[in-house]
Amino acid sequence: MQTTVDTITEIFAALLKKPGLKLALTDSPDTVTGWDSLTHPELITAIEEKLDIDFDFKELASIKNIADLVSLIESKQF
Amino acid sequence: MQMQPGIQIRNAADSDIGFVIEAIVQAEKGSANSISYCKLFNINESEFRTVLKKILEEKIDNFEFSLANFKIAEVNGILAGTYGAWLEGEHGISSGILKISALKTFLKKENIVHYKSSASIVNEISIRRQAGTIQFESIYIVEQFRGNHIGSMLVQSLLSDMNKKYPDVKAAHVQLIKQNSVSLQAHQNYGFEIVEEKSSVNPAILNFYQGNTRVLMQIKLK
C-alpha cells in the first residue's frame with residue numbers, strides 16, 4: 001500500500017525531474033535541490049489535485065519539512 | 001538619531017492595513033514605475049491590492065507581507081511613512097516559501113502557471129536571503145514628509161526592537177535594484193553598505209525592474 005511519503009515522493013520526483021528521488025521526513029527546501037519558491041506552488045498544487053484536498057495559507061505556512069507535509073495531508077484524510 | 005518634534009513611531013495596527021498596502025505598492029513602483037508582481041502573475045494593480053489585503057489580514061509573521069513587520073511614522077497624527085523588517089527563517093521556513101504560499105492561496109491557478117514562466121527571468125538576479133538575518137522591505141515615505149529623516153527613524157526603531165528581541169543577530173539586510181539611485185542613496189544614508197551584487201545580461205529583466213542589477217546591502221550589528 002502506498003504511504004503518504006510515497007505519494008509525495010512520486011510527485012516531487014516527477015515535477016523536479018529526479019527519478020529515483022528518496023525523501024526523508026526531515027527533508028526540506030534546504031536539503032532537496034529544486035524545491036524552492038519557484039517550484040513550491042506547483043508541488044503543492046499537484047498534491048492537492050492528486051489527493052483531492054485543499055490547503056489554506058495558515059496550513060501552508062506551517063510546512064517546514066516533509067514530516068509537516070505528511071501530518072497535514074493525513075489530518076485531512078483520516 | 002534624535003526623534004524629531006511631532007514625529008511618532010509606533011507598531012502597525014489593523015487599521016493601518018490600507019497604508020501598508022499603499023507602501024508595498026509604492027515601494028514596488030519605486031523600482032520600476034510598475035509592480036513586478038503584476039507582471040510575474042499577470043494580474044492588474046487592483047487585483048494585487050486585493051490579494052495583499054487578504055494576505056496581511058492572515059497575520060502570518062516573518063515574511064515581507066506580514067503586518068507585524070511594519071513600523072508606522074506619524075507627523076502630528078498624520079500617517080507619514082512606514083517600513084517593515086523581519087527575522088529571516090525564524091520558524092524554519094524561508095520568507096520566499098511563505099510569500100509564494102500566500103500568493104498561491106489567493107491567486108488563481110492560471111496566475112501561478114504564468115509565474116512559473118516569468119519567475120525564471122527575475123531569478124537571474126535573485127539573491128538568497130540568509131537565515132538568521134534581519135530583512136528590511138517596503139519603505140514608503142509620503143511625499144510631503146520626505147526630507148525629515150523619517151526613513152532613518154524607522155530604520156533605527158526597527159533595529160532597536162529587533163536587537164532587543166534577537167540579541168544574537170549579526171546583520172541587517174536590504175535588497176534593492178542598483179539603478180534605483182534614490183533608494184540606494186537613502187539606504188547608504190541609513191548606514192547600509194553594498195556587500196553583494198548580481199546582474200543579468202538578459203534584456204527581459206527590464207520588463208520587471210528599472211535595472212539589471214540587484215544589490216544586497218548590509219548593516220553589521222555585531
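Summary of the geometry: region A:1-36 and region B:27-76, compared by the centres of their Cα atoms, lie 32 Å apart.
For residue B:163 and residue B:53 in one chain, what is 0.36 nm times their gap in residues minus the Cα-Cα distance, to one decimal in nm?
Taking 0.36 nm per residue and subtracting the Cα distance, the gain is 36.7 nm.
Estimated from helices alone, the mean residue ellipticity of chain B at 222 nm is -12500 deg cm²/dmol (sum of -39500 (n - 2.57) over DSSP H runs with n ≥ 4, per residue).
Please check which bits of region B:31-52 a label hung off residue A:48 would reach, taking the label as a point 7 Å along Cα-to-C-beta and the cut-off as backbone N under 15 Å. Nothing falls inside the zone, counting backbone N under 15 Å.
Taking a 29 Å limit on the Cα-Cα distance, which of the listed pairs A:18/B:178; B:198/B:220; B:108/B:165 fall beyond it? Those over the limit are A:18/B:178; B:108/B:165. Globularity index of region B:7-220 is 0.97 (Cα radius of gyration / 2.2 N^0.38 Å, N = number of residues).
The magnitude of the dipole of chain B, with charges of +1 and -1 set on the Cβ of Lys/Arg and Asp/Glu and taken from the Cα centre, is near 360 debye. The Kirkwood radius of the protein assembly as shown, taken over pairs of alpha-carbon atoms, gives through the Stokes-Einstein law at 25 °C and 0.890 mPa s a diffusion coefficient of 121 µm² s⁻¹. Other residues with beta-carbon under 12 Å from the beta-carbon of residue B:115 carry, at +1 per Lys or Arg and -1 per Asp or Glu, a net charge of +4.
Relative contact order, whole percent, for region B:36-96 stands at 23, derived from Cα pairs under 8 Å and 6 or more residues apart. Counting charges near residue B:220 (Lys, Arg +1; Asp, Glu -1) among other residues having Cβ under 10 Å from its Cβ returns a value of +1.
In region A:4-77, taking the dipole from charged Cβ atoms about the Cα centre, the farthest positive-side position among A:26, A:55, A:39 is held by A:26. About its Cα centre, the dipole of region B:47-125 is roughly 320 debye, where the only charges are +1 on Lys and Arg Cβ and -1 on Asp and Glu Cβ. Across the options A:78, B:191, A:12, the greatest Cα extent toward the positive end of the charge dipole of the protein assembly as shown (unit charges at beta carbon of Lys, Arg, Asp, Glu) belongs to B:191.
Placing +1 on the Cβ of every Lys and Arg and -1 on the Cβ of every Asp and Glu, with nothing else charged, gives region B:108-210 a dipole about its Cα centre of roughly 300 debye.
No value in this document is a laboratory result; all are computed from the given coordinates. Computed from a prediction, not measured in an experiment: that's the story for all the values here. Using ideal geometry, Cβ is built from the backbone for each residue, glycine included, and neighbour counts are taken over all protein chains shown.
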